Each structure stands twice: as C-alpha cells, then as structure tokens.
Amino acid sequence: MAVGIFDSGLGGLTVLDAVQKRLPDVPFVYFGDNAHAPYGVRDADDVYALTTRGVERLWDAGCDLVILACNTASAAALRRMQESWVPRDKRVLGVFVPLIEALTERQWGDNSPPREVAVKHVALFATPATVSSRAFQRELAFRAIGVDVEAQACGGVVDAIEEGDMILAEALVRSHVDALKRKMPRPEAAILGCTHYPLMQEVFQEALGDEVAVYSQANLVAESLADYLTRHPDMQGPGTESGYLTTGDPKRVSSRATQFLRREITFSPA
Ligand code: DGL
C-alpha cells in the first residue's frame with residue numbers, strides 16, 4: 001500500500017503534508033537526504049547518484065511508486081532514471097508536470113500540440129541546478145507557446161531553511177524577488193519551483209505583490225497522485241507502515257519537521 005516521497009531534505013514535507021491530507025488511507029514513507037542537502041548546488045551526476053540511492057531505500061521500505069518531491073532531482077536525474085534505471089515493476093514520478101499542466105490549463109495526459117495560454121510572463125524561482133537544467137522551460141515548451149519565462153536561481157534559501165534560519169531565508173527570498181523584478185518588472189505568475197519554498201510562500205507573495213498568482217506544487221501534486229493511483233491501483237507497493245527516514249541527524253531533523261508542519265514528526269535513521 002505504501003508510496004514513497006523523496007526529497008533532499010525538509011522541502012518535500014510540503015508535498016507530504018498535502019498528499020497525506022488528500023489520501024488519508026495511503027501509508028507514506030518519507031525519505032529526506034538531509035546529510036547531503038542542498039542538492040541545488042551539485043552537478044547532475046551527483047544528484048543522480050544520491051537520488052537513486054534514496055529511491056532504492058524507499059523501494060526496500062515497500063514503496064513501488066516513489067514521488068520525487070524535489071524539483072532539483074526531477075530536473076537533473078528523473079529522465080535518466082526513467083530511461084535506464086527504473087525496473088518495469090516500479091515507478092518514479094516527478095513534480096514538474098502537474099504544475100505545468102495547471103499553468104497551461106491542461107488536464108492530465110492532454111498531449112495535444114502547444115497552444116497559447118492566458119499567462120504570458122512567468123517568474124520561476126528555483127535552485128541553481130534546476131534553473132541551469134532548463135527542464136521547466138523544456139516541459140513548458142511542449143504545452144504552451146508565447147510564454148516568456150524569467151528564471152531566478154535562489155542561492156542560499158534551501159541551506160537557510162535546512163538550518164532553521166528563517167530570518168536569513170526571508171532576507172534571501174526578498175533579495176531574489178528584487179533581482180527577478182529587475183529582469184521582469186511585471187510577472188503575471190510566479191512558480192515556486194523548489195519544494196522548500198512553500199515554507200516561505202507568504203514572503204514570496206508579499207514581495208511579489210497581490211496581483212501576482214503564486215503557484216506552488218503541494219496541492220497540485222496531491223491531486224495528480226490521487227488521479228494516478230485511481231488509474232494504477234497496482235502501483236501502491238507492499239509496504240503497510242508510514243514512516244520518516246533521514247540520512248541526517250534524526251533528532252535535529254524531527255525537531256525542524258515538527259516546527260514546519262506544526263505536528264509531531266519523528267524521523268528514524270535511513
Ligand atoms: N527541495 C528541493 C527542490 O525542490 C531541493 C532543494 C535542494 O536540495 O537544493 O528543488
């Protein structure tokens with residue numbers, strides 16, 4: 001029954017929280033690679049090696065389906081994993097596509113040619129690795145034409161969140177929004193393209209202004225997972241236990257996770 005949720009650290013908890021609320025009867029096993037976060041400053045081979053190791057741990061925990069609740073891993077490693085590494089009886093899915101489908105007003109699986117959509121100026125906030133992969137722009141180009149995307153690599157934000165330094169995280173978000181606005185003064189929509197960023201969503205919204213629609217992934221991924229499991233009920237793995245695994249210090253990670261989700265979360269060593 002279990003489904004795995006993978007992230008480099010704490011960010012995937014924003015997705016976990018939404019999928020748990022949407023699918024309360026499904027056991028979820030969370031894997032945070034906190035010892036190796038942030039991924040956003042690593043190269044693609046490094047992200048691939050770490051991500052495949054974490055996903056294998058989730059398979060061992062009885063999760064045949066794993067969601068990469070990490071844009072950096074989805075951008076830098078997912079395609080290579082799907083093409084040459086994931087066995088036939090397992091699935092690994094990313095977090096990009098549900099978001100892009102929402103932005104481009106598409107239903108799941110609508111593979112019709114790219115067309116004009118309502119939004120024309122989109123700001124993308126993501127880690128340096130996600131921005132340099134251009135995976136977001138590539139997926140968008142399959143579905144929409146005439147959308148101008150300005151990407152801002154938000155160095156330092158993930159480190160600050162992982163360290164629990166929310167004052168630094170807030171200051172960095174404000175300076176990254178300022179930098180983005182210098183390149184694109186009037187975005188209509190902003191994508192929080194890192195699962196850590198919803199923890200700072202209010203700061204992004206305030207700095208961007210009320211007129212900017214801020215898209216974050218958690219609820220979109222939860223809807224898309226619910227839909228996927230209805231179409232592929234066999235992909236709920238044999239695991240029956242929920243759990244939280246970390247490569248970092250379980251005490252420290254549990255305390256941060258409890259602070260972020262405002263409920264008791266207890267991590268075990270991965
Ligand atoms: N939360 C992840 C993402 O969505 C990873 C951030 C990082 O480790 O740099 O990109």
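Some notes on this structure:
- Sorted from greatest to least, the principal axis extents spanned by the alpha carbons of the stretch 59-167 come out as 44, 43, 20 Å.
- Accessible area (Å², 1.4 Å probe, nearest 10) - Met200: 10
- Accessible-area composition of the stretch 97-242, carbon plus sulfur, in percent [1.4 Å probe]: 52
- With contacts taken as Cα pairs under 8 Å and at least 6 residues apart, the chain reaches a relative contact order of 28 percent.
- For the chain, the dipole from Cβ point charges (+1 on Lys and Arg, -1 on Asp and Glu) about the Cα centre works out to 320 debye, to the nearest 20.
- All Cα-Cα separations within the stretch 1-56 were binned at 10 Å from zero, giving a P(r) of 23, 49, 24, 4, each value a whole percent of the pairs.
- Solvent exposure ordering (accessible area, 1.4 Å, most first) of His121, His196: His121, His196
- Rh (Kirkwood; distinct C-alpha pairs) - the stretch 220-270, Å: 13.0
- Distant alpha-carbon pairs in the stretch 1-120 (separation over 17 angstrom), percent: 58
- Sorted from longest to shortest, the spans of the Cα atoms of the stretch 118-270 along the three principal axes equal 47, 42, 28 Å.
- Point-charge dipole on Cβ atoms (K/R +1, D/E -1) for the stretch 123-270, about Cα centre, debye to 20: 240
- Estimated purely from DSSP H runs of n ≥ 4, each contributing -39500 (n - 2.57), the mean residue ellipticity at 222 nm for the chain is -13500 deg cm²/dmol once divided by its residues.
- Remark: spin-label model distance Arg231-Ala35 equals 3.7 nm, labels positioned 7 Å along the Cα→Cβ axis.
- Over 15 Å [Cα-Cα, the stretch 140-186], rounded percent: 54
- Across every direction, the projection of the convex hull enclosing the Cα atoms of the chain has a mean area of 13.0 nm².
The values are calculated or read from the model by the stated rules, or taken from the named source; none is laboratory data. None of these values were measured; they are calculated from a predicted model. Cβ: placed from backbone, ideal geometry, glycine included. Neighbour counts: every protein chain shown. These area figures cover heavy atoms from the full protein model, side chains too; ligands, DNA and RNA do not enter into them. Shrake-Rupley method; radii C 1.70, N 1.55, O 1.52, S 1.80 Å.
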